[in-house]
Amino acid sequence: MMEQCDIKDLVNVEVKGNAIVIEPATQSPRAGWEQQFELAKSGSEDNLMEEFSNDFDVSEWTW
């Protein structure tokens, strides 16, 4: 089946409605990561996680 669909090595898996769709990957899974890391390095790390919270931080952590 994979040969019939021209799937060689890497795949993308996605849920569409009630179906699991498996397609050949069109790019490397890590394509663009290097550029994104470079962009991240150029920014400020102050308050990097400020927008993210969790139940522990809100209800259990004592400052």
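The values are calculated or read from the model by the stated rules, or taken from the named source; none is laboratory data. Just so it is clear, the structure is predicted and the values come from calculations on it, not from any experiment. Ligands, DNA and RNA are excluded from the accessible area calculation, which covers all protein heavy atoms including side chains. Shrake-Rupley method; radii C 1.70, N 1.55, O 1.52, S 1.80 Å.
Can you say whether VAL15 is of a type outside the set (Phe, Trp, Tyr), open to solvent by 100 Å² or more (accessible area, probe 1.4 Å) and within 18 Å of the chain's Cα centre (by Cα), as far as the supplied structure shows? It would help to see each step written out before you state the result.
Values: of a type outside the set (Phe, Trp, Tyr): yes; open to solvent by 100 Å² or more (accessible area, probe 1.4 Å): yes; within 18 Å of the chain's Cα centre (by Cα): yes.
Criteria met by VAL15.
Just need a number here: residues in the range 1-29 that are at pLDDT below 85 and basic (Lys, Arg).
1
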